[in-house]
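S.K.: Please see the structure below; I have some questions.
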Amino acid sequence: MAEEQSPETKTEAREFMSGLMSGPPTETFAGGEGVDMAAWKSTYNAANNKDEVLMEKFWSIYDPSSTSIWTMVYDEADSNENLDDTINIAKEFITKTESLKDHCFGIIHTLESLEIEGLWFFDGPDPERLFGANEETSWYNWSQVGPDANDLVKTAVASIMTPSGGQLNGKVIKHTHVFS
C-alpha cells in the first residue's frame, strides 16, 4: 500500500496539476457544434420525474463526435468531517464553474458517507474548458464514460443522472447540486 503523503506534499502536487490543466480555455474543438445546452438544461429542469423518459431525451441529443460525458470523484473524501462542509465543497465547485454555463451540464451528489461524486456532460471531447476555468477540478478524479453509448454506459450515466431510491452505488444521497 502506498505511503500517506503529508498535507504539504498533497498541496504541492495539486498546485502542479492545476498549473498543467489551467491553460486558457480552447475556443474550438474538433467534432462539431455540440448541443444546445440551454435546451437540455431546460428539459432536465422541467422533468417532473427523473426517469427513463428523461434518459431517452438525453441519449437523443448525445453525440460522441461533438460531446463527452465524464464522472468526477472527490479525492479527499476521507478528510471530510461533516455533511454541511461537504455539501459546501460541492456548492463551491458549482459556483466556480458558472462561466461555463453555456458549455456543460453537471450533477454533483454528496453522499451520506461524505463522498462527492458527479457526472458532467460537455460540449467537446473533454473537460479542458472546465479545468481552465475552475482550479477546484484538481481535487477530483475524472473519468470519461463512453464515448460509445452502449448499455453499460447508459446504465452508468442513468445511475448518477436519475438515481434510484435516493442512492448512488448503494450509498444514500444526502444532497444534490445540479449545474443547470
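S.K.: What does the convex hull of the alpha-carbon atoms of the stretch 29-109 project to on average, in nm²? It would help to have the intermediate numbers written out before the result.
M.R.: On the way: hull surface 27.5 nm².
Averaged projected hull area, Cα only: 6.9 nm².
S.K.: In addition: For the stretch 43-159, compute the orientation-averaged projected area of the C-alpha convex hull (one quarter of its surface), in nm².
M.R.: On the way: hull surface 30.1 nm².
Reported value for the Cα convex hull: 7.5 nm².
S.K.: I've got another one for you. Which GluC sites (Glu not before Pro) does the stretch 48-86 hold that lie in a coil by DSSP with at most 16 other beta carbons within 10 Å? Please report the intermediate quantities before stating the final value.
M.R.: Details: sites: 52, 56, 76, 81; in loops: 76, 81.
Answer in residue order: 76, 81.
S.K.: Can you give the convex hull volume of the alpha carbon atoms of the stretch 77-136 per residue, in Å³? Can you show the working numbers first?
M.R.: Details: hull volume 4.8 nm³, N = 60.
Per-residue hull volume (Cα only) is 80 Å³.
S.K.: Further question: Stick to Cα atoms and the Kirkwood definition of Rh, then tell me Rg/Rh for the stretch 130-180.
M.R.: Ratio of gyration radius to Kirkwood radius for the stretch 130-180: 1.01.
S.K.: Let me ask something else about it. Give me the accessible area per residue for the stretch 32-180, probe 1.4 Å, as a whole number in Å².
M.R.: On the way: 7230 Å² over 149 residues.
Heavy-atom SASA per residue in the stretch 32-180 reads 48 Å².
S.K.: Separate question: For the stretch 44-90, what is the Kirkwood estimate of the hydrodynamic radius, computed as the reciprocal of the mean inverse distance between distinct Cα atoms, to one decimal in Å?
M.R.: Values: mean 1/r = 0.0717 Å⁻¹.
Computed over Cα pairs of the stretch 44-90, the Kirkwood hydrodynamic radius comes out at 13.9 Å.
The values are calculated or read from the model by the stated rules, or taken from the named source; none is laboratory data. No experiment lies behind these values; they were computed from the predicted model shown. Cβ atoms come from the backbone with ideal geometry, glycine included; neighbour counts cover every protein chain shown. Just so you know, the surface numbers come from the protein's heavy atoms only, side chains and all, with ligands and any DNA or RNA stripped out. Shrake-Rupley method; radii C 1.70, N 1.55, O 1.52, S 1.80 Å.
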